[in-house]
Amino acid sequence: MKQPINQWLKKNLKGDPFIWAIMLVLATLSILAVYSASSALAYRKMRGNTEYYLAKHSLLMLSSLGAMWVAHKIDYRYYAGLSKLALWVSIPLLLLTWRYGLTLNEASRWLTIPVVDKAFQPSDLAQLALIASLANMLAKWQHDIGNWQEALVPMLTWCVVVCGLIALTNLSSALLLFLTCMLLMYIGRVPIKYLVILTTIGLIVGSIAMHVGQRGETALSRLKLFAQDELPFQTEQAYIAIARGGLYGKGPGNSQQRNFLPHPYSDFIYAILVEEYGLIGGVVVVLLYLALLYRGIRNVSQSKRAYSGLLSAGLSFALVLQAMVNMGVAVGLGPVTGLPLPFVSMGGTSLLFTGIAVGIILSISRGDIDDLQGEGIARTNKHKS
């Protein structure tokens, strides 16, 4: 029985097995934590049906894993062309979202798809497209990276435009994406002086976005509270949840703070994880994300092509930076941002885009593994002959 299962896994789940294992563990933790954190909300809103959000989230998680599987089966080189198209599509979508998007918590970050009547965040598409396109441009101009007019101007322009448009409705996501692009360009050997120029332009555009956009006042008030060491209600309740968790936690489904903590199933799900699984569980989650970052960056040194290594590094940075910010907010290391914990928080299409991003990383690792295996077979045949 064990042999057929191993054969099926090798045939259908290719790529880095460690990344597969990490994502399956995170998916399991997500389903357990979301069920616990959302049960009270489901009881109130769904007439006692405490399993409503469990069923909904489980279906979305399966869809995300399916998207990951499909993305990892596609040769990563095709994403260079797809990302360029997606980047052009995302620009009008971001503008439409800013002006006519679905408003929630004083920010219009969602567009409703007319036929299926489902909302999604165009910023998720824009982030994925920008990272993939930037990796492609960096790889294309590796031998002439200092070419200001043909290489650097397009890269800097795309970074500023996309991050600036996202900042109109979501400053924290725009800032993280901008930081990811900076790291990616640094790895891609862009001279420091041009990164300084990009940072200066980014600060100017970010200031304009805070003034013109929807979240400027909210962001400034949260920064002011954090600087004055005043605890917002969310952070205070997160502290209580973490303190109650202790070393070993209260056990799955036994959280008490889920009844008081705002958005315990999304923005502050890490506090619920620590309350139920303790400090040990919280450290394990951090280590899982760090392991994902290591396996993603590992492709940079092992990849024969610059594009694959840069793409893997960029996507890994984007996912893990967001995770670290989310967990940092929960433990009071930063102001409240509203960013979800990737692949753990309850969400909609954001889960699907996360699955696609990890699937691309797996596709890259799959390509490298296939190349290494091919070289090994070639050497064996040569030795035999």
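Out of all the residues in the range 27-64, which are assigned to a helix (DSSP H, G or I), over 24 Å from Gln237 (Cα atoms) and among the aliphatic types (A, V, I, L, M)? Residues satisfying the conditions are Ala27, Ala55, Leu59, Leu60, Met61, Leu62. In the range 9-50, which residue that is over 22 Å from Ser350 (Cβ atoms), charged (D, E, K, R) and exposed (fewer than 14 other Cβ atoms within 10 Å of the Cβ) is farthest from the chain's Cα centre (by Cα)? Selected residue: Arg47. Note on the range 323-354: among residues that are polar (S, T, N, Q) and surrounded by 24 or more Cβ atoms within 10 Å (Cβ to Cβ), the one that is nearest to the chain's Cα centre (by Cα) is Thr354. Annotation note: Cβ proximity below 6 Å between a residue of the range 147-160 that is over 13 Å from Cys181 (Cα atoms) and a residue that is surrounded by 19 or more Cβ atoms within 10 Å (Cβ to Cβ) (sequence gap 6+ or interchain) occurs for Ala151/Trp141. For beta carbons closer than 7 Å, sequence separation of 6+ or different chains, a first residue in the range 324-342 that is at positive phi and a second that is in a loop (DSSP other than H, G, I, E, B), the qualifying pairs are Gly338/Asp267. When the range 90-123 is examined, which residues are found to be farther than 17 Å from Cys163 by Cβ and at pLDDT 85 or above? Leu96, the sole residue that qualifies. Selection within the range 192-213: residues that are of a type in the set (Ser, Thr, Tyr) and modelled with pLDDT under 90. The member of this set that is nearest to the chain's Cα centre (by Cα) is Ser207. Taken over the range 296-344, residues that are under 18 Å from Leu273 (Cβ atoms) and either outside any loop (DSSP other than H, G, I, E, B) or touching a Leu at 6+ places or on another chain (Cβ under 7 Å) (or both) amount to 14. Is it the case that some residue within the range 139-154 is surrounded by 23 or more Cβ atoms within 10 Å (Cβ to Cβ), at pLDDT 85 or above and not in a helix (DSSP H, G or I)? Checking the range 139-154: not a single residue is surrounded by 23 or more Cβ atoms within 10 Å (Cβ to Cβ), at pLDDT 85 or above and not in a helix (DSSP H, G or I). Scanning the range 251-295 for residues that are of a type outside the set (Phe, Trp, Tyr), under 21 Å from Gln322 (Cα atoms) and not in a helix (DSSP H, G or I) yields Leu261, Pro262, His263, Pro264, Ser266, Asp267.
Sort out which residues of the range 198-244 are surrounded by 12 or more Cβ atoms within 10 Å (Cβ to Cβ), without any contact (Cβ under 8 Å) to a residue 40 or more places away in the chain and among the aromatic types (Phe, Trp, Tyr), and write them in order of number. Of everything in the range 198-244, nothing turns out to be surrounded by 12 or more Cβ atoms within 10 Å (Cβ to Cβ), without any contact (Cβ under 8 Å) to a residue 40 or more places away in the chain and among the aromatic types (Phe, Trp, Tyr). Just one of (1) assigned to a helix (DSSP H, G or I); (2) within 19 Å of Leu41 (Cβ to Cβ) fails for Ala243. It is (2).
The values are calculated or read from the model by the stated rules, or taken from the named source; none is laboratory data. What you see is a predicted model; the values in this text were computed from it and never measured. Positions of Cβ are backbone-derived with ideal geometry, glycine not excepted, and every protein chain shown enters the neighbour counts.
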